[in-house]
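Notes follow the structure.
The values are calculated or read from the model by the stated rules, or taken from the named source; none is laboratory data. As the structure is a prediction and not an experimental result, all values here were calculated from the model. Cβ placement follows ideal geometry from the backbone for every residue including glycine, while neighbour counts extend to all protein chains displayed.
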Amino acid sequence: MPTMTQRQKLVLPGGHNKLLLHSCCAPCSGEVMEALIVSEIDFSIYFYNPNIHPQREYELRKNENIRFAEQHGIPFIDADYDLDNWFARAQGMEHEPERGKRCTMCFDMRFERSALYAHEHGFPVISSSLGISRWKNMEQINDCGARAAAHYPGVTYWDHNWRKQGGSARMIEISKRENFYQQEYCGCVYSLRDSNRWRKEQGRERIKICEKFYGQAEEQ
């Protein structure tokens, strides 16, 4: 695996050097965090993911992210887990497909809170680790991020492509190195339902929540 110092040095837009990074989980944010550290960018993690269900899944994903942030001395902002609000906003979209309207709503909700926090606490730039996953629609994520930041004249959304320059491969390498929890669905109860439905059709076992970790197969 390339060392941290071999990564491309990144530069924030507008000549800024302070970033609020919305993080969805440790596996997705690990590579992003290491890239920012190498680039000597001053950043804090903002964890706001009320979509994650059930709560024990949410707590495990959050705690894995806290562990990695503390390991590198990165400030970690633990936002509210307002799951009821998320369900209220998801009404009528329960059967939307992955990457559909429900996902747009979910990204909007998380970016809206991220942009508000950035505005209130002096962060001129926001970004997210969401886009590093190949399962996500990067254009959809970036549209939501830019829309949220546009509400605040002093806040810019950074649409850096974290998958490029080997980012996706390093994400997996870091996850294995750190033995991060390996979630097997996006996070919400509807994603869990649809993932298990697909698994049943393929003759596979249902997802076992909070049990699978990166690197387990190599160690057995």
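Observations on the model:
- Inter-residue pairs, beta-carbon under 9 Å, first of a type in the set (D, E, K, R) and in the range 19-39, second surrounded by 22 or more Cβ atoms within 10 Å (Cβ to Cβ) and not in a helix (DSSP H, G or I), 6+ apart: E31/S129; E31/W162
- The listed residues are N179, N161, and the only one of them that is surrounded by fewer than 16 Cβ atoms within 10 Å (Cβ to Cβ) and over 30 Å from R89 (Cα atoms) turns out to be N179.
- The range 194-220: number of residues that are basic (K, R), surrounded by 13 or more Cβ atoms within 10 Å (Cβ to Cβ) and in a helix (DSSP H, G or I): 1
- Criterion violated by A169 - all others in (1) surrounded by fewer than 15 Cβ atoms within 10 Å (Cβ to Cβ); (2) of a type in the set (A, V, I, L, M, F, W, C); (3) within 15 Å of C103 (Cα to Cα) satisfied: (3)
- Among the numbered conditions (1) more than 15 Å from the chain's Cα centre (by Cα); (2) buried (at least 21 other Cβ atoms within 10 Å of the Cβ); (3) touching a residue at least 40 places away in the same chain (Cβ under 8 Å), the only one that G122 does not meet is (2).
- Listed by first and then second residue, the pairs linking a residue in the range 61-79 that is farther than 13 Å from G30 by Cβ to a residue that is of a type in the set (V, I, T) and outside any loop (DSSP other than H, G, I, E, B), with Cβ atoms under 8 Å apart and 6 or more places separating them unless they lie on different chains, are P75/I45; F76/I45; F76/I66; I77/I45; D78/I66.
- Checked against the criterion of being over 16 Å from D78 (Cβ atoms), at pLDDT 95 or above and among the small types (G, A, S), the candidates G15, G30 yield just one match: G30.
- Among residues of the range 146-167 being small (G, A, S) and free of Cβ contacts under 8 Å to residues at least 40 places away in the same chain, the one that is nearest to T104 (Cα to Cα) is A146.
- Looking across L60, L83, one residue alone is touching a His at 6+ places or on another chain (Cβ under 8 Å) and either modelled with pLDDT under 95 or not aromatic (F, W, Y) (or both). It is L83.
- Index of the failed condition, P50 passing every other in (1) in contact with an Asp or Glu (Cβ under 8 Å, 6 or more places away or on another chain); (2) part of a helix (DSSP H, G or I); (3) surrounded by 19 or more Cβ atoms within 10 Å (Cβ to Cβ): (2)
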